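The structure appears right after this line, and notes come after that.
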Amino acid sequence: MGKPAILIIEDDEDIQALLDLAFAREGWRLMVAGTGEAGLGLLEREGADCVILDLMLPETDGFKVLKKIRRNDRFRGLPVIITTARAEESDMVAGLELGADDYVVKPYSPKVLAARVRSALRRVEDAASPAREAGAVRQGALTADPVRYEAFEGERRLRLSATEFALLYHFLSNPDRVFSRGDLITAIHGADYPVTDRSVDVQILGLRKKLGGAGSRIETIRSIGYRFNSQPPAGGGGT
């Protein structure tokens, strides 16, 4: 396996230089673009294993760039980490609902961001590892195939981000088990990963929406967390 390719879409040249130095120490192959359109062009031509995406970009803002990435089936499982000075919860919710895998507010530590990139790369690698080659997991009409990195509700292919896919795979692999938000963070990102409970709730909300009728099978357990109900609700949702 070659060096992971990290695409940095960021117009601040000082931040570009800082990340270039920090990420080079990780042995990653780096690509840098100063505008959204330039970043999308690089992604189409070169591909990437993870994208670092600023929101406040010239010409095309980061939200529009993220929408274009998620509309492309080729990049449906590509981890995208938003980095921005916009700390409002509404912006975080918007970014996660559009399919971002993480949301990091500036100023941030390059070491912390590198740790988040490592986690995202590991999550994708684990999903395709030989340990999971036993095949897809299925509950009712829902299927998650970690080898092909595809998920379906019946015949409908689901457009999930890397984090959403990891959550679905975890739920389908452990039906009826109750998970706290901390349990889910550890299972998806690893121990001591700095993600807020609110961001977990937003990711679950986005996953439910994409599951359609089957989304109601991810149940909220008050004051604890979530579980996936192995029994479809009366009326046939997700059967």
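Please verify whether residue 124 is at pLDDT below 85, touching a His at 6+ places or on another chain (Cβ under 8 Å) and surrounded by 15 or more Cβ atoms within 10 Å (Cβ to Cβ), treating the condition exactly as stated. Break it down into steps so the answer makes sense when it comes.
Numbers: at pLDDT below 85: yes; touching a His at 6+ places or on another chain (Cβ under 8 Å): no; surrounded by 15 or more Cβ atoms within 10 Å (Cβ to Cβ): yes.
Against the criterion (at pLDDT below 85, touching a His at 6+ places or on another chain (Cβ under 8 Å) and surrounded by 15 or more Cβ atoms within 10 Å (Cβ to Cβ)), residue 124 does not qualify.
When you look at residue 21, is it surrounded by 18 or more Cβ atoms within 10 Å (Cβ to Cβ) and not charged (D, E, K, R), yes or no?
Spelling it out, it is not the case that residue 21 is surrounded by 18 or more Cβ atoms within 10 Å (Cβ to Cβ) and not charged (D, E, K, R).
Looking across 160, 168, 184, 207, one residue alone is of a type outside the set (S, T, N, Q), assigned to a loop (DSSP other than H, G, I, E, B), within 14 Å of the chain's Cα centre (by Cα) and surrounded by 15 or more Cβ atoms within 10 Å (Cβ to Cβ). It is 160.
Restricting 17, 22 to those that are part of a helix (DSSP H, G or I), over 22 Å from residue 58 (Cα atoms) and out of contact with any Cys (no Cβ under 9 Å at 6 or more places or on another chain) reduces the list to 22.
Go through the stretch 163-181 and count every residue that is over 16 Å from residue 229 (Cβ atoms) and out of contact with any strand residue (DSSP E or B) (no Cβ under 8 Å at 6 or more places or on another chain).
Within the stretch 163-181, residues that are over 16 Å from residue 229 (Cβ atoms) and out of contact with any strand residue (DSSP E or B) (no Cβ under 8 Å at 6 or more places or on another chain) number 2.
The values are calculated or read from the model by the stated rules, or taken from the named source; none is laboratory data. Computed from a predicted model, the values in this text were never measured in an experiment. A quick note on method: Cβ atoms are made from the backbone with ideal geometry, for glycine too, and the neighbour counts reach across all protein chains shown.
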